[in-house]
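The values are calculated or read from the model by the stated rules, or taken from the named source; none is laboratory data. The model shown is predicted, which means the values in this text are computed figures rather than measured ones. Heads up, the Cβs are rebuilt from the backbone with ideal geometry, glycines too, and the neighbour counts pull from every protein chain shown. What goes into the accessible areas is simple: the full protein's heavy atoms, side chains included, and nothing from ligands, DNA or RNA. Shrake-Rupley method; radii C 1.70, N 1.55, O 1.52, S 1.80 Å.
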Amino acid sequence: MFDRKISTADIEEAVRQVYEDYRDQEVDGSVDPRLKDVDPKKFAIVAMLIDGTTFAVGDIGEASPLGSIAKVPLLTQLRIQREGCKDKNGKCLFARAKEPTEEKPENMPVSVHGIRLMSAIQPTGDPEGKWDIVISLVTVMMGEAPILNDDLYKSMTLTNQAADVENAMARSEFYLFDDAPLSIDLYTKLSAMQATPMQLAAMGATLAAMGRNPSTGQTVMDTMVAPKVIASMAVKGPHRKSLPWLIKSGIPSKSSFGGSMLGVMPGVMAIAAYSPLVDDDGVSIKAAKAISHIMKKLRLNTFAGENITIER
């Protein structure tokens with residue numbers, strides 16, 4: 001393990017310089033057709049350190065749907081749940097005995113793995129109780145509650161119905177822990193919740209700080225939970241870009257079709273960026289460039305084996 005020091009001035013300069021580099025850059029992307037009245041020129045970057053120090057530039061109050069970033073609090077809740085459900089032999093009482101034979105339904109308008117995560121949240125068979133657990137965790141991780149885009153939620157629900165998502169999962173024998181319509185509906189609703197880059201940065205910084213929300217000071221989870229969630233973010237990163245993204249940027253991340261992206265550097269900070277222009281995989285072009293460029297400018301990499309100290 002190598003020791004290295006970075007100043008807050010260096011971080012602030014990196015955030016501001018990268019914002020200036022990409023703010024007016026033309027990119028070959030488009031706003032997701034599910035979104036209405038979105039300004040394609042909006043752009044924001046927020047970096048939040050584990051002590052709560054925050055560097056924010058651009059349209060930081062612009063909210064966008066969580067999309068696949070919704071999997072971050074779901075993974076967190078499942079880890080919290082798993083740590084609390086072990087029997088005397090150390091095994092989780094709700095874990096499956098073995099992996100079932102199944103195929104992932106293809107070309108679905110909603111993430112079937114996200115649906116499975118939602119289905120595994122306790123309590124089972126209680127949509128109100130399950131939703132309360134999830135949204136309460138999201139709120140304490142962000143420091144404030146996200147807002148539902150009701151029109152998007154309704155349109156996504158109609159799209160799911162038209163694609164016959166429930167029966168597609170049944171035909172593939174795709175395993176769920178709870179009722180399929182309930183799980184599909186709640187995951188779709190969570191995906192349509194809107195959060196600002198500042199809220200996303202706080203959620204990511206809570207993981208980077210091993211479970212303590214730096215913006216509120218509240219301890220959200222046991223210190224054993226966050227590393228496992230961050231590892232999951234590394235394995236299942238931005239849509240269809242997990243491996244090349246991790247090699248290029250060195251920071252575990254999740255992205256949303258709405259243009260948001262969240263990266264978490266354990267023990268250091270979280271970086272959230274927003275630009276609604278996405279590529280063919282639904283990943284924000286400018287947000288991805290911004291986060292990767294900040295990491296490069298600061299010479300940071302989750303896997304570099306360095307002990308980073310932030311100096312003022």
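Here is a yes/no grid of residues against (1) under 19 Å from N213 (Cα atoms); (2) in a loop (DSSP other than H, G, I, E, B); (3) touching an Asp or Glu at 6+ places or on another chain (Cβ under 8 Å):
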| site | (1), (2), (3) |
| --- | --- |
| H239 | no, yes, yes |
| P244 | no, no, no |
| I251 | no, yes, no |
| G258 | no, yes, yes |
| V264 | yes, no, no |
| A270 | yes, no, no |
| D281 | no, yes, no |
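Please work out which one of (1) among the aliphatic types (A, V, I, L, M); (2) closer than 30 Å to A145 by Cβ; (3) buried (at least 18 other Cβ atoms within 10 Å of the Cβ) is the condition V38 fails and give its number.
(3)
Restricting to the range 154-172, name every residue that is open to solvent by 40 Å² or more (accessible area, probe 1.4 Å) and either touching a helix residue (DSSP H, G or I) at 6+ places or on another chain (Cβ under 7 Å) or not in a loop (DSSP other than H, G, I, E, B) (or both).
K154, S155, L158, T159, Q161, A162, E166, N167, A170, R171
Filter the range 231-259 down to the residues that are open to solvent by less than 10 Å² (accessible area, probe 1.4 Å) and of a type in the set (A, V, I, L, M), then identify the one that is nearest to K286 (Cα to Cα).
This residue is I251.
Please name all residue pairs, on different chains or six or more residues apart, with Cβ atoms under 9 Å, provided the first residue is in the range 120-140 and is under 12 Å from F177 (Cα atoms) and the second residue is open to solvent by 10 Å² or more (accessible area, probe 1.4 Å) and small (G, A, S).
Pairs found: Q122/G129; P123/G129.
Considering each of I69, I135, I121 in turn, give the residue that is farther than 25 Å from D32 by Cα and either open to solvent by 40 Å² or more (accessible area, probe 1.4 Å) or modelled with pLDDT of 95 or more (or both).
Testing whether each residue is farther than 25 Å from D32 by Cα and either open to solvent by 40 Å² or more (accessible area, probe 1.4 Å) or modelled with pLDDT of 95 or more (or both) leaves just I121.
Return the residue satisfying two criteria in turn: it lies in the range 138-153 and is among the charged types (D, E, K, R) and in a helix (DSSP H, G or I), and of such residues it is nearest to D32 (Cα to Cα).
For the range 138-153, the residue satisfying everything is D151.
Being open to solvent by 10 Å² or more (accessible area, probe 1.4 Å) and either modelled with pLDDT under 95 or not aliphatic (A, V, I, L, M) (or both) is the filter here, so list the residues in the range 207-230 that pass it.
Hits for the range 207-230 are R212, P214, S215, T216, G217, Q218, T219, D222, T223, M224, P227, K228.
Taking L66 as the residue in question, decide whether it is over 16 Å from P197 (Cα atoms) and under 21 Å from the mean Cα position of the chain (by Cα).
No; evaluated as a whole, the condition is false for this residue.
For a quick check of your reading of the model, give me the residue pairs whose first member lies in the range 13-36 and is without any contact (Cβ under 8 Å) to a residue 60 or more places away in the chain, whose second is surrounded by 14 or more Cβ atoms within 10 Å (Cβ to Cβ) and not hydrophobic (A, V, I, L, M, F, W, C), with beta-carbon atoms closer than 8 Å and at least 6 apart or on different chains.
Listed pairs, sorted by first residue: R23/G58.
Working carefully through the options V220, V278, find the one that is within 15 Å of A44 (Cα to Cα) and more than 14 Å from the chain's Cα centre (by Cα).
Answer to the selection: V278.
Filter the range 173-201 down to residues that are among the aliphatic types (A, V, I, L, M) and in a helix (DSSP H, G or I) and give me whichever is most open to solvent (accessible area, probe 1.4 Å).
Applying the filter and picking the extreme gives M198.
Can you find a residue in the range 215-226 that is part of a helix (DSSP H, G or I), in contact with a strand residue (DSSP E or B) (Cβ under 9 Å, 6 or more places away or on another chain), in contact (Cβ under 8 Å) with a residue 40 or more places away in the chain and hydrophobic (A, V, I, L, M, F, W, C)?
yes
Conditions (1) within 19 Å of I294 (Cα to Cα); (2) modelled with pLDDT of 95 or more; (3) not aromatic (F, W, Y), marked per residue:
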{"site": "E173", "(1), (2), (3)": "no, no, yes"}
{"site": "Y187", "(1), (2), (3)": "no, yes, no"}
{"site": "K236", "(1), (2), (3)": "no, no, yes"}
{"site": "W245", "(1), (2), (3)": "yes, no, no"}
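Being out of contact with any helix residue (DSSP H, G or I) (no Cβ under 6 Å at 6 or more places or on another chain), in contact (Cβ under 8 Å) with a residue 12 or more places away in the chain, surrounded by 20 or more Cβ atoms within 10 Å (Cβ to Cβ) and not β-branched (V, I, T) is true for just one of G305, G204. Which residue is that?
Residue meeting the stated conditions: G204.
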